[in-house]
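The next block holds one structure in the form of structure tokens; read it before the comments.
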Amino acid sequence: MHTHEVMNDNKVIMEWLRRLGVKFHTSFLVINSEIEDQPIVYANDAFFKMIGYSEEETLGRNGRFLHGEKTSRKAGEKIHECIASGETGVFEIINYRKNGTPFWNELSIQPLTFPEKNLKFTLLLQRDITERKRTEALIKLQKQTYKKIESGHKLSSILQNICHTCELFFIDGAKCTVLLIDSEEKIYTVGATQSMPKSFENAIIGLKVEEDIGTCGAAFYQGQPVVVEDMTTDYLWRNHQDLVGKYGLVSSWSIPILNIENVTIGTFGIYFPAPVTPGEQDLKFMESVASIVSVALKYSHQHEEILRLAYSDGDTDLPNRNYFRNEIDQLLKKGKEGFVAFISTDEYTKVVDQYGHRAGDTLMYEIGRRLTLHQNSSDNLIARFSDSTLSLYSITPFTKIPEYLEQLMRGFTDPIQVGDMELFLTLKIGVAIVMPHQKNSEELIRCSDSALSQAKLRTGEAICYFESELDEFLMRDLRVANELTAALNRNEIGVHLQPKVDLKTGEVLSFEALARWTSPDLGVIPPDIFIPAAEKNGKIRLLEKSILRQVLEWMKKRVDQGLKLRQVAINISADHFFHHSFVPNLLEMTTEYGIEPKWIRLEITERIGFVDIETANKVFKHLKYCGFTASIDDFGTGYSSLSYLQKLPIEELKIDRSFISNMDEPGTLAIIRTIIQLANNLNMHAVAEGIETEKERKILLYLGCKEGQGYLFYKPMPLNEAFLL
């Protein structure tokens, strides 16, 4: 192998590289990085085989001689800078073989220094990554195609993008086409021919497809790839030599496009300005591209039908919620006053229950029809938002909205015929006002839906306008629900104890445990907010277990320090009370902390004990057997029965604070007296909640109540303060 003329030291290094190159099958080259033009001074056989050039044609030249039309100048500059700086690096660049075929080249740059010889070279490991790039291009093309179809791009644009992607992997001047075949007349129709001159398209489109005319005609009828290496002499092109000569066409390949039934529906062709023979990988690549064309054709033809189905309610032919959402965004851009309304009727459920869903569809169609007849503008938008709800958007001045809604209501004075029944409809309408600056359509939809929920709570026909106070309430509940789980995990929810006292002496007899939550993000959250949220979100058992554990820890600390124990009452929800693990968990936790069950009282609201009186009775008896005591909380506000109370092993009735605070109202005092007497008759004791004045204390004592709690005596206090009592 000849080498470039170099100095003696260089000859020794070149000989070492030559021996390495014989054993090293990965293609590489070495350049002299001391010279500004960075000439190639050595390359192994694998490199020459990859590029198609000989050693004589390569050595002494800069690697830029492999660049071409598709080569990125920026990539070439970065490679030159990396070599000049003596750094390592990995780059990807399109280079060209001697036959003009572009290929993707991965270069790994490694400086070679010989300090003792004062020589500096750079080693460039070379890899042909064209097949990997083709695979990546196919994946990207599939994604682009689906995205463009979904975005509503024209089919011709989608197919042309496929053609351009394919052309990048072949010689400069290669041009791809997609020709579709009319299934009945068997003539060529346009798919994508923009790479070719317009006159070429005009000459081909409308021609009859024949098996022995043109590369595409042969591929269509044969159902397999057809390759023509020389179009100037090939029999298939005998009738189109004018096109071959005019456009400089030399070679052409054509791949049949098959549908899902494996029927040829078109052809994917490529034309070259020079003789090109495909390799096996070239044809596989072309067939893969043709498959993507087939997918594009299939789904684009279905797209219009998909859009119709996506934006129309198939049962009533009214626009559906997707259409409503899209259109309202456009209407809001007008910046005019108006409203969004959600409309439902009480009769829908009755109709569906009696006549079925088809009758329900008929009812909604008729409501939509009447709304359309009585609308005040062609800009109004009416859609079926859900099975039982229609949505309406109207551009109407604020002052005219009530009048317009009444006008719509009048359209339903006549009955609607459904089956053999005439129905007078009871409309419920929820309204959100549209401000001129309003842009958030989803917010309007949410507000209208919320207002409709309020309208459904009213009797008869109802129109409810969304109010911001309601919105704040809903958002607060949502934020609390979202934060609750994290708060339990972080032990943010603590315990305050409120003493129960002897109303005569003021002596502390016991405590009630009350949950308190101060969130670092939301601040202080009242129990009447977070406890219902815990119940709704299935977190109430975790919350109550946390409260119990904190109380038991507090008690154990008192025991450890030899302090007096007092009974602590803990509120228990229905979900927790009826859970199979409720009593076993209580026993396990009290045993863990060494606290006798008698020091724990379970407060149950009177409503939950009577959802299932038999089960409730079993649980209460099990609690008593284990040593726990129980009380009925908020007594007098629920629906308890005297016969139930007689059966249950309960020691305490708590008089709800609402009675105590309204003692002066007629009849309230009698209720309190009755509860106290009832407790005494059932061998229970009554405890009054919410005592705030001396007058209330004296009255309760006079009525026979001996125990109570409230701000008159103690406010709920943190555990560390209660520890001092």
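A quick yes/no check of all residues on (1) modelled with pLDDT of 85 or more; (2) closer than 12 Å to residue 705 by Cα:
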| residue | (1), (2) |
| --- | --- |
| 638 | no, no |
| 644 | no, no |
| 656 | yes, no |
| 671 | no, no |
| 679 | yes, yes |
| 683 | yes, no |
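Residue-wise test of (1) surrounded by fewer than 16 Cβ atoms within 10 Å (Cβ to Cβ); (2) in a helix (DSSP H, G or I).
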{"residue": "195", "(1), (2)": "no, no"}
{"residue": "202", "(1), (2)": "yes, yes"}
{"residue": "206", "(1), (2)": "yes, no"}
{"residue": "211", "(1), (2)": "yes, no"}
{"residue": "216", "(1), (2)": "no, yes"}
{"residue": "219", "(1), (2)": "no, yes"}
{"residue": "231", "(1), (2)": "no, no"}
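Among the residues in segment 284-295, are any under 30 Å from residue 320 (Cα atoms) and assigned by TED's automatic domain parsing to the domain that holds residue 138?
Quick first cut of segment 284-295, residues under 30 Å from residue 320 (Cα atoms) only: 295.
Among the residues that remain, those that are also assigned by TED's automatic domain parsing to the domain that holds residue 138 are: 295.
Looking for residues that are under 30 Å from residue 320 (Cα atoms) and assigned by TED's automatic domain parsing to the domain that holds residue 138, one finds at least one in segment 284-295, hence yes.
Is it the case that some residue within segment 683-699 is more than 22 Å from residue 496 (Cα to Cα), among the small types (Gly, Ala, Ser) and assigned to a helix (DSSP H, G or I)?
No; the residues of segment 683-699 include none that is more than 22 Å from residue 496 (Cα to Cα), among the small types (Gly, Ala, Ser) and assigned to a helix (DSSP H, G or I).
Go through segment 67-105 residue by residue and tally those that are touching a His at 6+ places or on another chain (Cβ under 9 Å) and within 24 Å of residue 135 (Cβ to Cβ). I'd like the intermediate steps shown before the answer.
Within segment 67-105, the first condition is being touching a His at 6+ places or on another chain (Cβ under 9 Å), and the residues that meet it are 73, 76, 93-96.
Of the ones still in play, those that are also within 24 Å of residue 135 (Cβ to Cβ) are 93-96.
Number of matching residues: 4.
Somewhere in segment 127-134, is a residue under 42 Å from the mean Cα position of the chain (by Cα), more than 30 Å from residue 31 (Cα to Cα) and of a type in the set (Ser, Thr, Tyr)? Step through it out loud before you land on a result.
First, pick out the residues of segment 127-134 that are under 42 Å from the mean Cα position of the chain (by Cα): 127-134.
If we keep only those that are more than 30 Å from residue 31 (Cα to Cα) as well, we get none.
No, segment 127-134 contains no residue that is under 42 Å from the mean Cα position of the chain (by Cα), more than 30 Å from residue 31 (Cα to Cα) and of a type in the set (Ser, Thr, Tyr).
Name, by its number, the condition in (1) modelled with pLDDT under 85; (2) out of contact with any Gly (no Cβ under 6 Å at 6 or more places or on another chain) that does not hold for residue 374.
Among (1) modelled with pLDDT under 85; (2) out of contact with any Gly (no Cβ under 6 Å at 6 or more places or on another chain), residue 374 violates only (2).
Scan (1) part of a loop (DSSP other than H, G, I, E, B); (2) touching a residue at least 24 places away in the same chain (Cβ under 8 Å); (3) out of contact with any Gly (no Cβ under 8 Å at 6 or more places or on another chain) for the single condition residue 172 breaks and write down its number.
With (1) part of a loop (DSSP other than H, G, I, E, B); (2) touching a residue at least 24 places away in the same chain (Cβ under 8 Å); (3) out of contact with any Gly (no Cβ under 8 Å at 6 or more places or on another chain) applied to residue 172, the lone miss is (3).
Determine whether segment 61-73 contains at least one residue that is assigned to a strand (DSSP E or B) and assigned by TED's automatic domain parsing to the domain that holds residue 112. So that I can check it myself, show each step before the final result.
Residues of segment 61-73 that are assigned to a strand (DSSP E or B), as a first pass: none.
There is no residue in segment 61-73 that is assigned to a strand (DSSP E or B) and assigned by TED's automatic domain parsing to the domain that holds residue 112.
List the strands (runs of 3 or more DSSP E) inside segment 497-587, counting only whole elements, that have at least 3 residues being of a type in the set (A, V, I, L, M).
Details: elements: 508-519, 523-525, 567-572.
Per the criteria, 508-519, 567-572.
For the subset of segment 178-192 comprising residues that are more than 39 Å from the chain's Cα centre (by Cα) and part of a strand (DSSP E or B), which member is nearest to residue 273 (Cα to Cα)? Walk me through it before giving the result.
Narrowing segment 178-192 to residues more than 39 Å from the chain's Cα centre (by Cα): 179, 181-190.
From what is left, the residues that are part of a strand (DSSP E or B) are 179, 181, 187-190.
Numbers: 179: 20, 181: 26, 187: 26, 188: 23, 189: 24, 190: 22 Å.
Result: 179.
Across segment 467-522, what is the total count of residues that are modelled with pLDDT of 85 or more and among the hydrophobic types (A, V, I, L, M, F, W, C)?
Counting residues in segment 467-522 that are modelled with pLDDT of 85 or more and among the hydrophobic types (A, V, I, L, M, F, W, C) gives 14.
Having 2 or more residues that are among the hydroxyl-bearing types (Ser, Thr, Tyr) is the bar; report the helices (runs of 4 or more DSSP H) wholly within segment 244-357 that clear it.
Details: elements: 280-311, 321-332, 347-355.
So the answer is 280-311, 347-355.
The values are calculated or read from the model by the stated rules, or taken from the named source; none is laboratory data. Keep in mind that this is a model prediction, so the values were computed, not measured. When we count neighbours, we look across all protein chains shown, and the Cβ atoms used for this are built from the backbone with ideal geometry, even at glycine.
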